[in-house]
Amino acid sequence: MKAVQIKDFLNYSNLGNLKTKGKNAVFVKALPDNDQQDHYNYTLQMLKNDQVSSLSSFGKEQNFVFETESTVLFTGNRQNKENKTVLYRLSLNGGEAQPIAEFNHANYKLEKIINQNELLLSRRVDLNEKAKKENQNSDDYDIFDETPAYFNNEGILNKHRDRLFTYNLQTKKLTELLADDPYFQIDQSWLKDNLLFFTGCSFKRKAHLKTALYKLNFGTGKLDELIPCDQYEIFDLFFINDQTYVVASDQKEYGCEENPQIYLVNKKSHQLSLVASWGKTYGNAIIGDICLLETKPSTTFNNQFYFLTTVTDHNQIMVFDGQKIEPYFEFDGSMDYFAFQNDGNLLFTGAKNNELQELYQVADGKLTQLSHFNDVVLKDVYVAQAHQINYRSTKDGIQHGWLLYPRNFDKNKKYPAILDVHGGPKGSYSAVFFHEMQVWASHGYFVLFANIHGSDGQGNDYADMRSQWGKIDYQDLMKFVDTVLKETPAIDQQKLCITGGSYGGYMTNWAIGQTDRFCAAASQRSMANWFSDPFLSDIGPWDDFYALGIDNLNDNPEFAWQQSPLKYTDHVKTPTLFLNSDQDYRCPMTEGLQMFRALNWHNVETRMIIFHGENHELSRSGKPKNRIKRLEEITSWFDHYTSNK
């Protein structure tokens, strides 16, 4: 069978943003541009009469809503008009998209249909926009006076606010909501009849970790605060039997990574009362490198609330009827977007174990694959099946990870191996097709990976890593490695490599300072120093102090340094490659740079690659040509140190 090649991902279709109306459905397909390899093409696909076909071909359509059962509206700018957003109408029955409105500014997004005449739009507003236009030198510098002043995948956002607008299709009038408070930031929004519910807060210097919940009556213009700011992190909101519920966490027991519960919002007092104790994962926590589009955790259908959860290494849909939560549908793989047709059939985009994404339908309990975008790209290709390996965790009983066997495996030969550590740490690996791992398996490596302590999908206790980084997680990782090596004598223990990104980069940095068992390492978008990262990372002041279990670095500076991989660089002997991006504001390149320079100072073989214009998402949604270069560099680095030992 053919090997999986690095460039094969250029042919993988990524699916998501699924919406339904009646029996019809529309979703987005994203595909890397194969020619220039510097962007992705996004097209609308439709399901009509249970047949999947292309609805658009321009390559830039992502943001759409159903207008009627046979028409959709979407935003774009097909004629490349300067600083404009155009609203289009497209029929599912055929024909070209027709422009029906035009807005000044290039970043309007279509959120929802309020009624047959009005739309809800959003736009990021720059409060200094007027001043910048009047200053011809404004592009030469940025001014920071807020936190966060920058954010990963969004760039500089000092004095930027996300706002909502209504647009009347008949009068052509565009109206900004909450225009009297320019500092208000709107996060999420929901519609019910003539009411708009939204989360947000006003701030001028420091953004809030939690947000308030508001209700706006379009008819009267009355605005009510339902939940004050800084009391709950609100994940979601929904309506059953004319009652309002929120999925929220008060963060009192497990801090900012605490899983949510379901609360009822009292109509008069607006007080929250717990109606369904959940406390497990909300949404899809499975990590992959072939999923460009965001996931959606929930929907309401027939007066019941359906939501995704992650159970260790796969997804399940749960249903809440206003009183209790019960399982609805379980899937051996990753579910990304789901919705119901009017006959009650479930549609979702997702990937089965060892496979790529497709569109699926569940009718009368039967699962049917409706799309076949990726069947041909995996035909006659060696896809390494994920073999489960059980190991005994330090304190969590029997846990498991997986092992991919190399292509053309011969039990009489010895093979190198790569340990891949996921990010988060509150994420989850699964047996779903992971491109980089499949490349390495086809290239002649064993690949091993696991959900060590700190991973999602097993409740709050298992995910709780406060004051634990580099401790129980590292112990579990080494126990897993020991078990794999004991059960797999074909692995050459002198040719064991390690890599990971984000938290996985931290763990790579940590491991090479604790053990010499790895012959080579590749540390990606990593964290190295608990003294520098908290006030350089976009989320550092919140997440880093949470991870350390402190409120301020002065609370326990000795511990912060004790758990910093940088402290142990004088112990490192492992040749290490560092990969960072200069617009990664989540794990700034200064973290990798400190490790690189320290290893260089101590005469350890090292190399650093900085990708320009990329951010923390390089391996998942970076420019295709840079994703290729990244994987080529890592593979070449490992090849060098495994072939010469």
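Can you name every residue in the range 285-303 that is of a type in the set (Val, Ile, Thr), over 21 Å from residue 246 (Cβ atoms) and part of a loop (DSSP other than H, G, I, E, B)? Full working, then the answer.
Going residue by residue through the range 285-303, those that are of a type in the set (Val, Ile, Thr) are 286-287, 290, 295, 299-300.
Imposing the further condition that a residue be over 21 Å from residue 246 (Cβ atoms) reduces the set to 286-287, 290.
Across the range 285-303, the qualifying residues are 287, 290.
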Of everything in the range 89-117 that's of a type in the set (Val, Ile, Thr) and part of a strand (DSSP E or B), which residue is farthest from the chain's Cα centre (by Cα)?
-> 100
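Residue by residue, here is whether (1) β-branched (Val, Ile, Thr); (2) modelled with pLDDT under 95; (3) at positive phi holds:
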position: 255; (1), (2), (3): no, yes, yes
position: 262; (1), (2), (3): yes, no, no
position: 281; (1), (2), (3): yes, no, no
position: 290; (1), (2), (3): yes, yes, no
position: 295; (1), (2), (3): yes, yes, no
position: 299; (1), (2), (3): yes, no, no
position: 310; (1), (2), (3): yes, no, no
position: 315; (1), (2), (3): no, no, no
Search the range 373-385 for residues that are closer than 25 Å to residue 54 by Cβ and modelled with pLDDT of 95 or more and pair each with any residue that is part of a loop (DSSP other than H, G, I, E, B) and of a type in the set (S, T, N, Q) when their beta-carbon atoms are under 6 Å apart and the residues are at least 6 apart or on different chains.
-> 373/13; 374/13
Do we find a residue being closer than 20 Å to residue 586 by Cβ, surrounded by fewer than 19 Cβ atoms within 10 Å (Cβ to Cβ) and in contact with a strand residue (DSSP E or B) (Cβ under 6 Å, 6 or more places away or on another chain) anywhere in the range 610-618?
-> yes
Test residue 198 against the criterion of being in contact (Cβ under 8 Å) with a residue 40 or more places away in the chain, closer than 24 Å to residue 303 by Cβ and hydrophobic (A, V, I, L, M, F, W, C), and give yes or no.
-> no
Examine the range 603-613 for a residue that is of a type in the set (Asp, Glu), modelled with pLDDT of 95 or more, touching a Leu at 6+ places or on another chain (Cβ under 9 Å) and closer than 15 Å to residue 6 by Cα, and state whether such a residue exists.
-> no
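Please enumerate the residues belonging to the range 230-246 that are hydroxyl-bearing (Ser, Thr, Tyr) and out of contact with any Phe, Trp or Tyr (no Cβ under 7 Å at 6 or more places or on another chain).
Result: 232, 244.
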Among (1) outside any strand (DSSP E or B); (2) farther than 30 Å from residue 250 by Cβ; (3) not small (Gly, Ala, Ser), where does residue 278 come up short?
-> (2)
Can you tell me which residue among 4, 72, 52 is within 25 Å of residue 378 (Cβ to Cβ), surrounded by 15 or more Cβ atoms within 10 Å (Cβ to Cβ), over 26 Å from the mean Cα position of the chain (by Cα) and modelled with pLDDT of 95 or more?
-> 52
Is there a residue in the range 100-116 that is exposed (fewer than 12 other Cβ atoms within 10 Å of the Cβ) and farther than 24 Å from residue 187 by Cα?
-> yes
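Just to check your reading of the model, which residue among 356, 367 is over 21 Å from the mean Cα position of the chain (by Cα), of a type in the set (A, V, I, L, M) and farther than 30 Å from residue 261 by Cβ? So that I can check it myself, show each step before the final result.
Working: 356 fails: over 21 Å from the mean Cα position of the chain (by Cα).
Just one listed residue meets the conditions, 367.
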Restricting attention to the range 544-555, does a residue exist that is among the small types (Gly, Ala, Ser), over 30 Å from residue 9 (Cα atoms), surrounded by 19 or more Cβ atoms within 10 Å (Cβ to Cβ) and in contact (Cβ under 8 Å) with a residue 60 or more places away in the chain?
-> yes
Identity of the residue in the range 55-69, surrounded by 15 or more Cβ atoms within 10 Å (Cβ to Cβ) and of a type in the set (Asp, Glu), that ends up farthest from the chain's Cα centre (by Cα) | 67
Flagged pairs (Cβ under 7 angstrom, 6 or more apart or on separate chains; first in the range 66-80, touching a residue at least 12 places away in the same chain (Cβ under 8 Å) and more than 10 Å from residue 90 (Cα to Cα); second aliphatic (A, V, I, L, M) and surrounded by fewer than 17 Cβ atoms within 10 Å (Cβ to Cβ)) are 77/106
For the range 356-363, state whether one or more residues are among the acidic types (Asp, Glu) and surrounded by fewer than 20 Cβ atoms within 10 Å (Cβ to Cβ).
-> no
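Please verify whether the range 579-598 includes one or more residues that are more than 30 Å from the chain's Cα centre (by Cα), more than 20 Å from residue 424 (Cβ to Cβ), surrounded by fewer than 17 Cβ atoms within 10 Å (Cβ to Cβ) and without any contact (Cβ under 8 Å) to a residue 24 or more places away in the chain. Spell out the reasoning first.
Our first condition is that a residue be more than 30 Å from the chain's Cα centre (by Cα); within the range 579-598, this holds for 597-598.
With more than 20 Å from residue 424 (Cβ to Cβ) added as a condition, the list becomes 597-598.
Retained after the next criterion (residues that are surrounded by fewer than 17 Cβ atoms within 10 Å (Cβ to Cβ)): 597.
Right, trim to without any contact (Cβ under 8 Å) to a residue 24 or more places away in the chain and you get 597.
Scanning the range 579-598, I find at least one residue that is more than 30 Å from the chain's Cα centre (by Cα), more than 20 Å from residue 424 (Cβ to Cβ), surrounded by fewer than 17 Cβ atoms within 10 Å (Cβ to Cβ) and without any contact (Cβ under 8 Å) to a residue 24 or more places away in the chain, so the answer is yes.
Which of the residues spanning the range 344-371 are touching a residue at least 40 places away in the same chain (Cβ under 8 Å) and part of a loop (DSSP other than H, G, I, E, B)? Talk me through it step by step, then tell me what you get.
Initially, the range 344-371 is screened for residues touching a residue at least 40 places away in the same chain (Cβ under 8 Å), giving 344, 347-349, 351-359, 361, 370-371.
The answer is 344, 354, 355, 356, 370, 371.
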Test: residue 199 is of a type in the set (Val, Ile, Thr) and either in a loop (DSSP other than H, G, I, E, B) or under 18 Å from residue 113 (Cα atoms) (or both) = no
Just one of 600, 626 is part of a helix (DSSP H, G or I), in contact with an Asp or Glu (Cβ under 8 Å, 6 or more places away or on another chain), at pLDDT 95 or above and not small (Gly, Ala, Ser); which is it?
-> 626
Within the range 365-385, considering residues that are among the aliphatic types (A, V, I, L, M) and within 22 Å of residue 11 (Cβ to Cβ), the one surrounded by the fewest Cβ atoms within 10 Å (Cβ to Cβ) = 376
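When you go through 194, 217 one by one, which is the residue that is modelled with pLDDT under 95 and in contact with a strand residue (DSSP E or B) (Cβ under 9 Å, 6 or more places away or on another chain)? Break it down stepwise before answering.
Working: 217 fails: modelled with pLDDT under 95.
From the options 194, 217, the qualifying one is 194.
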When the range 241-264 is examined, which residues are found to be within 15 Å of residue 298 (Cβ to Cβ) and in contact with a helix residue (DSSP H, G or I) (Cβ under 9 Å, 6 or more places away or on another chain)?
-> 259
Provide a single number: the residues in the range 260-294 that are surrounded by fewer than 16 Cβ atoms within 10 Å (Cβ to Cβ) and either in contact with an Asp or Glu (Cβ under 7 Å, 6 or more places away or on another chain) or farther than 26 Å from residue 503 by Cα (or both).
-> 9
Which number in (1) in contact (Cβ under 8 Å) with a residue 60 or more places away in the chain; (2) in a loop (DSSP other than H, G, I, E, B); (3) closer than 23 Å to residue 386 by Cα marks the one condition that residue 507 misses?
-> (2)
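Out of 165, 184, I need the residue that is closer than 21 Å to residue 83 by Cβ, touching a residue at least 12 places away in the same chain (Cβ under 8 Å) and buried (at least 16 other Cβ atoms within 10 Å of the Cβ). Which one? Show your work before the answer.
Numbers: 184 fails: closer than 21 Å to residue 83 by Cβ.
From the options 165, 184, the qualifying one is 165.
Just to check your reading of the model, which residue among 475, 438, 458, 468 is closer than 22 Å to residue 7 by Cα and not basic (Lys, Arg)? Full working, then the answer.
Numbers: 475 fails: closer than 22 Å to residue 7 by Cα; 458 fails: closer than 22 Å to residue 7 by Cα; 468 fails: closer than 22 Å to residue 7 by Cα.
Among 475, 438, 458, 468, only 438 is closer than 22 Å to residue 7 by Cα and not basic (Lys, Arg).
The values are calculated or read from the model by the stated rules, or taken from the named source; none is laboratory data. Owing to the predicted nature of the structure, the values given are computational and were not obtained by experimental measurement. Counting neighbours? That spans all protein chains shown, and the Cβs are built from the backbone with ideal geometry, glycine included.
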